[in-house]
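Undergrad: Input: one structure, supplied below.
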Amino acid sequence: MASVLEYHIKYLADTHRVEAFRRAITETVRPDDVVIDVGAGTGVLTLMACEAGARHVYAIEQGPIIGLARKIVAENGYGS
């Protein structure tokens, strides 16, 4: 799992990239939208869609990182 985390950390550390995604999600997602996050990874974009008001977000991830994504989303008050 450590190598999986290392892989994702480089994306999370890229603040320009993360903020560009945040702006795009904030400008696009509306209350009551249903969002699909394919390749959810750590769930950071899933969380952003929840914060933007999506009614439901499906986080799809084939790797073991999905367990961490579920925990992150739940700890931020959006778990199912």
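Undergrad: Can you give me the number of residues within region 30-80 that are among the aliphatic types (A, V, I, L, M) and either outside any helix (DSSP H, G or I) or without any contact (Cβ under 8 Å) to a residue 12 or more places away in the chain (or both)?
TA: 12
Undergrad: Now for a different question. Regarding region 32-44, can at least one residue be identified that is of a type in the set (Val, Ile, Thr), surrounded by fewer than 12 Cβ atoms within 10 Å (Cβ to Cβ) and out of contact with any Pro (no Cβ under 6 Å at 6 or more places or on another chain)?
TA: Going residue by residue through region 32-44, those that are of a type in the set (Val, Ile, Thr) are 34-36, 38, 42, 44.
Then keep just the ones that are surrounded by fewer than 12 Cβ atoms within 10 Å (Cβ to Cβ); that gives 34, 38.
Subsequent filtering for residues that are out of contact with any Pro (no Cβ under 6 Å at 6 or more places or on another chain) retains 34, 38.
Yes, some residue in region 32-44 is of a type in the set (Val, Ile, Thr), surrounded by fewer than 12 Cβ atoms within 10 Å (Cβ to Cβ) and out of contact with any Pro (no Cβ under 6 Å at 6 or more places or on another chain).
Undergrad: A further question on this structure: Working only within region 62-80, note down all residues that are open to solvent by 50 Å² or more (accessible area, probe 1.4 Å) and within 19 Å of residue 21 (Cβ to Cβ).
TA: Within region 62-80, 68, 72, 76, 78 qualify.
Undergrad: Kindly provide the set of residues from region 23-49 that are closer than 17 Å to residue 69 by Cα and touching a helix residue (DSSP H, G or I) at 6+ places or on another chain (Cβ under 7 Å), ordered by number.
TA: Those that are closer than 17 Å to residue 69 by Cα and touching a helix residue (DSSP H, G or I) at 6+ places or on another chain (Cβ under 7 Å): 35, 37, 40, 41, 42, 43, 44, 45, 46, 47, 48, 49.
Undergrad: Right, next: With respect to the numbered conditions (1) touching a residue at least 40 places away in the same chain (Cβ under 8 Å); (2) open to solvent by 90 Å² or more (accessible area, probe 1.4 Å), which one is the sole condition not fulfilled by residue 4?
TA: (2)
Undergrad: Take region 12-27 and flag every residue that is in a helix (DSSP H, G or I) and without any contact (Cβ under 8 Å) to a residue 12 or more places away in the chain.
TA: First pass over region 12-27, keeping only residues in a helix (DSSP H, G or I): 12, 15-27.
Correct list: 15, 16, 17, 19, 20, 23, 24, 27.
The values are calculated or read from the model by the stated rules, or taken from the named source; none is laboratory data. None of the values given here were measured: they were computed from a predicted structure. Here the Cβ is made from the backbone with ideal geometry for all residues, glycine too, and neighbour counts use every protein chain on show. We work out accessible area using only protein heavy atoms, side chains counted, and drop any ligands, DNA or RNA first. Shrake-Rupley method; radii C 1.70, N 1.55, O 1.52, S 1.80 Å.
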